Structures are given as structure tokens and as C-alpha cells.
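Bear in mind that the values in this text are calculations on the coordinates, not laboratory data. Predicted, not measured: the structure shown is a model, and the values here were computed from it. Cβ sites come from the backbone with ideal geometry, for glycine too, and all protein chains shown count toward neighbours.
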Amino acid sequence: MDIFSLYEEEELKKHGPLAVRLRPRDLESFVGQDHLVGEGKPLRRLLENDTLSSMIFYGPPGTGKTTLAEIIASHTKAFFIRVNAVSSSVAELRRHIEEARRQLFEYGKRTIVFIDEIHRFNKSQQDALLPAVEKGLIILIGATTENPYFTVNAPLLSRSRVFPFEPLSEENIVALLTRALKAPQAKLHDVEISKDALQHLARSANGDARGALNALELAAALAKKDVSGKKTIDIKTAEEAVQQRYIVYDRDGDSHYDVISAFIKSVRGSAPDAALFWLARMLEAGEDPLFIARRLVILAAEDIGNADPHGLLVAVSAAQAVQMIGLPEGRIPLAQATLYLATAPKSNAAYVAIDKALAELKRIPGAKVPAHLRGTGYSGAKDLGHGKGYLYPHAYPGHFVVQNYFPTGIKRLKFYKPSGNGYERTIGERMKHWENLRQKEKRHE
């Protein structure tokens, strides 16, 4: 880094945006990503031991990827080079590789090359890095908001470890904003903020620390002074700063449970438009999208079940999609799953059946597996009589044969009663056919 770049960096620390002025300088002041840099976690151990290898930081904006790279730069003994993928070229990369070679042979230093927005590198730029990364001449740290498995060349990716960054929690953002108000370099000593306004800024950030700090700075500029010269950021000022209305929604209180209840009951009640309304209410208020997705998975099994077996597949797929892409795009698979489940045929037969089975199990906890159902997959099992008398269903017409599958001494119990809705109508007809075969077998005994 030349003297002009150093001067620019120092001036930005004094006069740049609040997110730049308050950028953490060490792990102790770094907020979030505890799964990576918490005590004893993998990335923290690599940093503390200065045993870094090539890695890709992947996650949404404002989650600390560049900040963590800057912390690494200040702590490692390696020579550190920053590259911006937007303005860099293959020729520049080759100069950096030559510098890395010089650092190694003249000073015995390894070189870390940090590439911000590495997904913007084209194939030739990424290929230019590959030999140096492969030999260990440079340690690559790439930061990207795009899935690296789609945007980074496979050979380069195979030589790097991907570290996923998660959106910061609301609690993380509140802690960050609270600390910012007290930080001398923030110059916000004359600013106070109401609890509702603080929560609104934190929720509206959607896990983006940089966005939250910029919103706080704007809210402070918009806040009016009182007679004593103090500024107070109230809920109206916070709404102006983020251009988003405050929605009363306590994620730990009654509102949280009331709204999710209304959402689930609307889906269960086959009211797709009402379900979408409550979904929008939760998303706009900052509810954890994975919490919503988990509830949809439960509902798909509890309230739809085998009336439409695809319901569970749709719900699970939506949950995986939300985990993969996050918000705001995650709202789309959540909406799709909500609409599918709300308009699907309903049945709680699976839910009722398992509870009946559990209740019966408590009545007969010591029930034994009959000999013909016991396992035969090990030496000596047959000598013990395991599997004796078992009738293999596929050897019989219709792949069905009448035999007892319940514990010894227990008469056949009935837990599952298909609802007659959707696909369960077909299941019910099949089960009725099997029951007729059982009754016919009894008459011939």
C-alpha cells in the first residue's frame, strides 16, 4: 500500500461513514459469526495460530466478511495484499504474485491476497491465481455475496475452504448500535434513542451491520434537538431513516405467538390470502424466516399429511431454499409453500395416529417382538429361531400376505384412519381391500 492509500485510509477512519469509522480492529470487538470465530471455533483457531490456508468468505452484505479480512491483516505475520475484483486485472494479479515470490525468498514471509467480491473475477483472472494458490505461494482469502460453488472456478474452490457467514441476529445488531452510540469516534454523545426506535433499526437491517449503522447515522442527523441540545431518535425518526413503518411485533411476547398462530390457522383453514397476509406481517416485522419455514414443515405433516404427500416435500424444499438464499429472496419460496399448503387437501390422520400409538405404547411398554419379525442379518440369528414363520409379502399375489406384525400376545390395533381427502382416499381404498383379505383369511381358518 502506497503513502496516498494509507493517508486515504486514515482520513476515512476519521470522516468516513459510521460503518467505516467503527469497523472492529480485533476479534474481541467483532460482532456475530460465533460459529466461525467464537472461542474454540475453526477460523478463530487458525487466526490465533497464524496457520491460515486459502479460504472463501461467503455470505450476505454487512455480515463482516471484509471486516474479518482486515482483522486478519492486522494480526497475521504474513504480507497482506488487498485486491478489489471490480478494478483489478490479470496484469495486476501477476504483479502481486511476483511480490509474493519476493516476500517469500527475501524475507521468508508468506503472502495473503484478499480479494473482495471475488465472484466478479472472470475465468482468466481466476485461472491466473490458480498456480500460485496451488503451490502455496499465496494464501487466497476471497469474499463474496454470491454462491462460490457457482461463481468460483472449481479448481480454485477445491483448494480453498468455504466459510459461510450468516446474517447478524437482531440481538447482534442491537448490541452493535448500542456500542456505536457510546463510541467516541461515532460522535453521537448527544444522541439518545428510544427502545422501540432501536428495535426498529435493528429489525429493518435484516442482519446487515453496515446498513444498520448507516441507518443510525441518518436517524441521528434527522433527529431534532431539545432545549438542552440533546437529540432523541424516536420511532418516527427511525421510520424516516429506514423508509419503513414500524410494525408492533414483539418476537418474544404475545404478538409473536398470536401472529404465527393466525398464520398457521389460516393455512390449516385453507385461506391462502389470509395466510399470505400474516406471512407478510411476520417478514416485514423481522421474524426469523427459518422459524416460519420450520412451522410450515410441521404443518405439512400435521394438517395435510398423506392427503397430499407432496406438501411435506414442498415445505422442506422451501426451508432449505430459505437457508440457502436468505432474505429478501427467501420470501418467495416461503410464499410458494404457504400457498401450496393452504390450497392442499387437509388431513390430520398421521398426527392423530402417532399420538394413539404413543398412548398405547405406555399401556404395554414391555411388548416383545415376535420371533418371525426378529432380525436375521447376523450369524446365529436363525439358530435362535429368528425369522421363523415370516411370510415374505413379495412372494404373494398383490405383494400382500396376512400375518401378524404386532407384539406377541397383542391383537391387531388400529391407529391410522385415512381422512378420505385427496390422496388419502386412495390409501383408504387400498387399506379396505387389505382388510377384506384379512377377513377372508379368517373365514377360512
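At 37 °C and a viscosity of 0.692 mPa s, what translational diffusion coefficient does Stokes-Einstein give for the chain, taking Rh as the Kirkwood radius over Cα pairs? Give it in µm²/s as a whole number. Walk me through the numbers on the way to the answer.
Working: Rh = 27.2 Å.
In µm²/s, the coefficient is 121.
For the options Pro61, Pro370, Pro309, a Gaussian network treatment of the chain with springs between C-alpha atoms closer than 10 Å singles out Pro370 as fluctuating the most. Considering every alpha-carbon pair of the range 254-342, the percent of pairs per 10 Å bin, from zero through the bin containing the longest distance, is 19, 57, 23, 1. Bridge orientation summary for the chain: considering DSSP beta bridges with both residues in this region, about 5 percent are antiparallel. Derived from the Cα gyration tensor, the three semi-axes of the equivalent ellipsoid of the range 33-164 are 21, 19, 12 Å, largest first.
Residues in the range 359-368 carry Karplus couplings, in order, of 5, 5, 4, 5, 6, 10, x, x, 4, 9 Hz; the curve used is 6.51 cos²θ - 1.76 cosθ + 1.60 with θ = phi - 60°, and Gly or Pro positions show x. Phi angles of the range 389-394 translate, via the Karplus equation with coefficients 6.51, -1.76, 1.60 and θ = phi - 60°, into HN-Hα couplings of x, 6, 9, 7, x, 5 Hz per residue; Gly and Pro are given as x. Any of Lys382/Lys414; Lys265/Lys362; Lys368/Lys432; Lys195/Lys230; Lys187/Lys231; Lys362/Lys414 with alpha carbons more than 24 Å apart? Name them for me. Among Lys382/Lys414; Lys265/Lys362; Lys368/Lys432; Lys195/Lys230; Lys187/Lys231; Lys362/Lys414, the Cα-Cα distance tops 24 Å for Lys382/Lys414; Lys265/Lys362; Lys368/Lys432.
Between the range 24-41 and the range 395-443, the alpha-carbon centres lie 57 Å apart.
Out of the trypsin sites (Lys or Arg not before Pro) in the range 180-232, which ones are loop residues according to DSSP with at most 15 other C-beta atoms within 10 Å? All intermediate terms of the calculation are to be shown ahead of the outcome.
Values: sites: Lys182, Lys187, Lys195, Arg203, Arg210, Lys224, Lys225, Lys230, Lys231; in loops: Lys187, Lys224, Lys230.
In loop regions of the range 180-232 (DSSP not H, G, I, E or B), the sparsely surrounded trypsin sites (Lys or Arg not before Pro) are Lys187, Lys224, Lys230.
Springs between Cα atoms under 10 Å define the GNM used for the chain, and in it the highest mean-square fluctuation of Ala275, Ala301, Ala395 occurs at Ala395. Using a simple spin-label model with pseudo-atoms 7 Å out from Cα toward Cβ, Val227 and Val316 lie 6.7 nm apart. Taking amide H positions as modeled 1.01 Å from N, with prolines and chain starts lacking one, the residues under 5 Å from Gly142 and 5 or more places away or on another chain are Met55, Ile56, Phe57, Ile115. Overall form of the range 365-443: prolate. Here a/c, set by the Cα gyration tensor axes a ≥ b ≥ c, is 1.5 or more, and a/b is the larger of a/b and b/c. For the range 170-242, the spread of Cα coordinates along the three principal axes comes to 35, 26, 17 Å, biggest extent given first. Identify which of Pro407, Pro60, Pro155 has the largest mean-square fluctuation in a Gaussian network model of the chain, with springs joining Cα atoms closer than 10 Å. The residue with the greatest mean-square fluctuation here is Pro407.
Let's test the formula: R0 of 56 Å, r as the Cβ-Cβ distance of Leu181 and Tyr351. What FRET efficiency results, to the nearest 0.05?
On the way: r = 49 Å, r/R0 = 0.87.
FRET efficiency, Leu181 to Tyr351: 0.70.
The C-alpha atoms of the range 96-173 occupy a region whose extents along the principal axes are 48, 28, 18 Å, arranged from largest to smallest.
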